[in-house]
Every structure is written in C-alpha cells, then in structure tokens.
Amino acid sequence: MADHVYIQDIASHVGKEVALKGWLADRTDKGKLQFLKIRDGTGFIQAVVFQKDVAPETFDAARKLTQESSLVVTGIPRAEARAPGGFELAVKDLRIVQIADDYPITPKEHGVEFLMANRHLWLRSPRQHAILRIRARIVKAIRDWFDDNGFLLVDTPILTPSACEGTTTLFATDYFGVPAYLAQSGQLYNEANAAAFGKVYCFGPTFRAEKSKTRRHLTEFWMVEPEWAYGTLDDYMRVGEEFVSYIAQTILKERAPELKAIERDVSKLRNVAPPFPKISYTDAVEILHQHGFPEFQWGEDFGAPHETTISEQFDKPVFVHRYPTEMKAFYMAPDPNDPKVCLGADLLAPEGYGEIIGGGERSADLAHLERQIAKHNLPREAYEWYLDLRKYGAVPHCGFGLGVERTVAWICKLDHVRETVPYPRMLERIYP
RNA sequence: UCCUCGGUAGCUCAAUUGGCAGAGCGCGCGGCUGUUAACCGUGAUGUUCUAGGUUCGAGUCCUAGCCGAGGAGCCA
C-alpha cells in the first residue's frame, strides 16, 4: 500500500505513488476520462482517471462517486500546468469509503439563510477554509505577541457571580440553586491578576445577551484582554499599535495564499504599522462636524456611521481617546487635567470596521470608585474584592480588550462577523 | 425593542390586471481523452411559510402569526 500523504505536502511526492484519504468535492465526467476534485482538509487537488489506465471496476467506482463521497485514492502526483494548483494525481486505484447522499451545497450560489442552516457542511468550502485558517493564525499571533512581550497568561472565570460592568445583559445560568452569569469580560479579574503578576492577559470566549442584530455582533465571541500594573493611557496606545501591527504583518506574511483565495486587497493592510494616529474624542467630534454630521453633540456616543466617517480620514487604525467620563465604564480613570473626560481609548479599524479595541487607564482611587459604584447602582458587596485592590498596594494600571471576530472580519474584509467563527451564536440562531 | 425588505422545486430565482406552477443549476439516463461553476441530448421533481378571510377563481388582495435578511440602539 502506498504511503498516506496530505494534499498540502503533495509537491514533495511528485513521481512517487501515494494514497490520498479524503472526500470528493466535485467531479467532471468526460466519457473515457474523469476529473475528480479531491479535498482532505489540508487542500484541494485534481485527480484524473483514464479508462485505459485503470481496472474496469476502478473506473466504474469513480463514476459512482457523488459530491462529498469519502474515498481513498492511490496514484502518482505530477506537475500539470492545466490543473488548478499546478499539480494533479494520476489515479491508479480508488476505494470508496462511503457514497454520500444528495449533498445540499452545490458549486452554485446559495443564500445566507441556507448556508447558515448548513454551517456544519459549509465549513468544507474553500472560502471558509481560508477564513478559518486566517483566524487560527491570528489567534496564534495574539498568543505569541503577549507571550514574547512579558505578559503571563492568567485565565479568568467564565462563570461569574455578578456583572462585570453592570451595563450589558448577561446570560444567566443556575449554579446549584444560585444565579451565575456567563462572563462578558475578564477585566476585573485581570486587574487583580496584574497586581499579582505585573503583566497578564486572558483569552477566551465572552458572552453578551444583548439583542444586537448587526453585522458586527455575536452573542458568543472571543476576546483577548491584557492588563498591566503601572501602565498609563499612553502606554496602552503604544502597546496596542505594536500588537495590532504585529497581527496584520504576520497574516500578510504567513497567510498570503488564503488572503488571495478570498480576494483580499492587501495594499491597505501593508500600511498597518506604528505609529497609529491618536486623536481625542473632542477632535473626533470636530471631524464629524466637518464631514456630514454638523448636528453631532459633544457627549453623545458614536454610532457605526460616525465611526466609519472618523476612520475614513486615516489610512491606518486610529485611536480615539479621552471620551466623556459619563458614557464610559465606572472603573475608568478621569483625566486629572479635565475630569469631564476619562483616560480611555478605542481603536477604530480602517475600511469601516469600527471598534476592534476598547480600553484605558483604570482608576486607582478608592473613594472615586466607591462613588462610581453607587452612581451606577451596582451592588457594592459584589465589588468588595475589587475594591480591595485599591486598599492593598493600589497602582496606576491599564489594559484593553481586542475582539477576535471583528479583527478577523477586518483582516479578511468580510461584510459580516458570522463567517469568522465556525459556529456563530447570534440573536435567534443557535443551530447547528 | 424599533424601522425596512423578504419567504414559490434540493438551491438561486421568475410568474403581466386576480385567470393552466415556470427557468437555470443540482439530480437520473445517454454521449464526449483535458475539464476548471465543462458542454450536448433527455427525464423526473411543488403543502407557493402557517392559519383564517374576500372572490366564480388567490403565488398574487386583506387580517393575524411564524421564520429569515439588512439597518438602528448597545457594544468588542
């Protein structure tokens, strides 16, 4: 029996008989000649079956194959300019593992509703392969960057006793008779971990039960959140621009075939290098006044069209800092020079992708936090441990959160985050 | 939660003023030694989202509901 090889390694086996184990993506019957498009999870390759070169039962077996039938083929790989990918397999033998029923996803067009209902099968398509390979590489780039820059991975809990920020709706579960909630952020625990380890990050799924129905929202999404002691707003923006640039440059370098497969124009990604422009919220409001939103009032939050307009003024991601204190989370540190604004910043991605990072400097002032907790009507007893951090060695510190799905959507230039994760969880969709 | 649009064959869609339910793809059968979403011939395929209503007659009009898409708000 020939050695089993994967399609991604086929170039190093030219001229030697090998076995491929996979599925039939497509078949073209030319009479005495059949083309089989085979996939095995690592790639796609064309196999060619000539009637005169194989046993009659082998040729008949090839004719019986339906789309997505599983099979093992043996043959000899060769360079072939006419084949997609430059290589093809000259088939010598073929074994059917299973004949697939009528496969619902054809090589023609399909609508979103149909594809989402068949997400478990849609994942077999080349475009979904490219996107999810890019996602996996982005996740690795995220881990590599923090691991190589002195941050320690310290996991934060997913089941939590109360809201982190008290602003968004949480998914409730029954925790042995008491309510527990799926975490919407690891941030508060990160602050405790930063006081213990200096520089930390957490990385995992987070959950928001909001009834958001847009191309930028999932109810379950992945977020990486670094936090470090003695960090300031300016430190955060410097780390953020280095980190995001590393992700973009790594994908450009290591996932070029996938970017090409999804027809991503990479010229705009090449610009993503430090330093990023940094403007204040007040500057951003001025931009809005000059570009189609003359009515925008200082103190309002930005909506999607506002973020798009601001980001369109720049050719790389842009930090918007010093938002009005009123509209940000209770733990944000006020700017000592102007307490109306706080030391927080969001990073807006180019090309209309909106906010991919939110973060800033946290307040180290116990009295201020106690007032803020009261003002936001948060249950004080749930935050006692958090307030302890301001009693036992409080230091200035900062951190941020980066949304993985929005980052993947931007890097891939997708029009919806639902394709950036294998099984998206959205309003009114939890199947499959 | 609000606004807008949609639901017809397995899929993507068409169906004139309310008047016989259609096409392409896919699938079956036949043909073809270089196909790239092949091509040529041929055949089968329907609870028109659901429940009521108007009408001689409803895919089409009315009422209610269900499901989906796009956007808003909120956020990463």
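At-a-glance table
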quantity: Residue ID - farthest from RNA strand B (Cβ to nearest atom), chosen from residues in region A:203-234 that are touching a helix residue (DSSP H, G or I) at 6+ places or on another chain (Cβ under 7 Å) and of a type in the set (A, V, I, L, M); calculated: A:229
quantity: Any strands (runs of 3 or more DSSP E) falling wholly within region A:317-360 and containing at least 1 residues that are under 22 Å from residue A:221 (Cα atoms) and within 11 Å of RNA strand B (Cβ to nearest atom); calculated: A:344-349
quantity: Of residues in region A:235-263 being within 14 Å of RNA strand B (Cβ to nearest atom) and not charged (D, E, K, R), the one surrounded by the most Cβ atoms within 10 Å (Cβ to Cβ); calculated: A:236
quantity: Qualifying positions in region A:86-111 - near RNA strand B (Cβ under 9 Å from one of its atoms) and without any contact (Cβ under 8 Å) to a residue 60 or more places away in the chain; calculated: A:88, A:90, A:102, A:103, A:104, A:105, A:106, A:108, A:109, A:110, A:111
quantity: Residue in region A:53-61 that is closer than 30 Å to residue A:132 by Cβ, more than 31 Å from the chain's Cα centre (by Cα) and not polar (S, T, N, Q) present; calculated: no
quantity: Odd one out for residue A:26 among (1) under 20 Å from residue A:69 (Cβ atoms); (2) away from RNA strand B (no atom under 16 Å from the Cβ); calculated: (2)
quantity: Residue in region A:112-127 that is within 16 Å of RNA strand B (Cβ to nearest atom), closer than 28 Å to residue A:244 by Cβ and either part of a helix (DSSP H, G or I) or in contact with a Lys or Arg (Cβ under 8 Å, 6 or more places away or on another chain) (or both) present; calculated: yes
quantity: Residue within region A:382-398 that is touching a residue at least 12 places away in the same chain (Cβ under 8 Å) and within 14 Å of RNA strand B (Cβ to nearest atom) present; calculated: no
quantity: Residue check, residue A:105 in contact with a Leu (Cβ under 6 Å, 6 or more places away or on another chain) and open to solvent by 30 Å² or more (accessible area, probe 1.4 Å); calculated: no
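The values are calculated or read from the model by the stated rules, or taken from the named source; none is laboratory data. Source: prediction; values computed, not measured. As a convention, Cβ positions derive from the backbone with ideal geometry for all residues, glycine included, and neighbour counts pool all protein chains shown. Accessible surface areas use protein heavy atoms only, side chains included; no ligands, DNA or RNA. Shrake-Rupley method; radii C 1.70, N 1.55, O 1.52, S 1.80 Å.
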